[in-house]
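Written out below as structure tokens is the structure these notes cover.
Read-outs: derived from the displayed coordinates by stated rules, not from any lab. Please read these numbers as outputs of a predicted model, since none were measured by experiment. Cβ atoms come from the backbone with ideal geometry, glycine included; neighbour counts cover every protein chain shown.
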Amino acid sequence: MSKETARWLAFSLTCALGSAGLGWLAPAVPLKSWVGGAAVLTAWLLLPLATVLVPILGLRRVPRARRKLAWQLIVPVVAGVALGVVAGEAGQQSALAERGRWTTATVVEIEDAKTDQCTLRRADGTRIAPTLSEGDGCRSASKGDVLRVRYDPEGVAGPVTDADTESDSYGGLIAGLVLAAVAMGTWGSVRMSRRDRAYAAS
């Protein structure tokens, strides 16, 4: 393996693992809201964009008007965003498994948007944050319903209902996305580096 390939491999691996790690970290560790927001932004947007922008900006010899994106670099962008989202779901699951508590809660409000969101209150009047999402049990709920939910006392991970507590395994999907992002990211970046050298030689 050449030094150039090893360099781009390390870069692609860092971006992919960074998206997965930060996506998982935001809900799994009770961070301050602005820190968690920055972690999500980095995982979902900044690191996936870096997989395209760094190789393009690294072309020093090719004039900006003639720079072309290697099609392979589309894959790590999409896979990077997916990694942030999927790892976030895994982090939510991990957070509820570690520090989640069971309680009964009443649906006091349903926000009817693209996806329904249910506002829940415990018997003592305490609001459960964040809201219950449509996929986690709000879909079949009505205002006034009493639900048994597992919630995060830190208010970071979203609650789930008693009927929605089956854990999904995200390990295989995360590994597949990392592999795709790293393989295609390395290939595309190496191609663009070679294009840079070929332009200089001509």
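Counting helices only, and only those DSSP H runs with n ≥ 4, report the 222 nm mean residue ellipticity of the chain as the sum of -39,500 (n - 2.57) divided by its residues, in deg cm²/dmol to the nearest 500.
-17500 deg cm²/dmol
Taking the structure as given and computing Rg and Dmax of the Cα atoms in Å, which label from [x] 20.3, 67; [y] 17.7, 56; [z] 21.6, 75 fits?
Matching entry in [x] 20.3, 67; [y] 17.7, 56; [z] 21.6, 75: [z].
Compute the acute angle (0 to 90°) between the alpha-carbon long axis of helix 74-99 and the principal axis of greatest extent of the alpha-carbon atoms of the chain; round to the nearest 10°.
Once rounded, one gets 30 degrees.
Can you tell me the Rg and the Dmax, both Å, for the Cα atoms in region 53-134?
Taking only Cα atoms of region 53-134, I get Rg and Dmax of 22.1, 67 Å.
Which whole-number percent gives the relative contact order of the chain, counting Cα pairs below 8 Å spaced six or more residues apart?
In percent, rounded to a whole number, it is 28.
List the Cys residues of the chain that have no partner Cys with a C-beta closer than 4.7 Å.
Cys15
Tabulate in residue order the Karplus-calculated ³J(HN,Hα) for region 114-122, using 6.51 cos²θ - 1.76 cosθ + 1.60 with θ = phi - 60°, rounded to whole Hz; enter x for Gly and Pro.
Each residue of region 114-122 in turn: 4, 10, 5, 10, 9, 8, 10, 10, 6 Hz.
FRET efficiency for Asp124 and Arg99, Cβ-Cβ distance as r, R0 = 25 Å, nearest 0.05?
My answer for the efficiency is 0.85.
Tell me, how many Å apart are the Cα centres for region 95-166 and for region 21-77?
Here the answer is 32 Å between Cα centres.
Full extension from Arg148 to Val29: what is 0.36 nm times the residue separation minus their Cα-Cα distance, to one decimal in nm?
Difference between extended and current length: 40.4 nm.
Could you compute how fast region 92-189 diffuses translationally, taking Rh as the Kirkwood radius over C-alpha pairs and applying Stokes-Einstein at 37 °C with viscosity 0.692 mPa s? Give it in µm² per second.
220 µm²/s
Quick one: if the Förster radius is 30 Å, what FRET efficiency do Asp168 and Thr5 give, using the C-beta to C-beta distance and rounding to 0.05?
Efficiency, from the Cβ-Cβ distance: 0.30.
Give me the extension gain from Ala198 to Glu109: residue separation times 0.36 nm, minus the current Cα-Cα distance, reported in nm with one decimal.
25.8 nm
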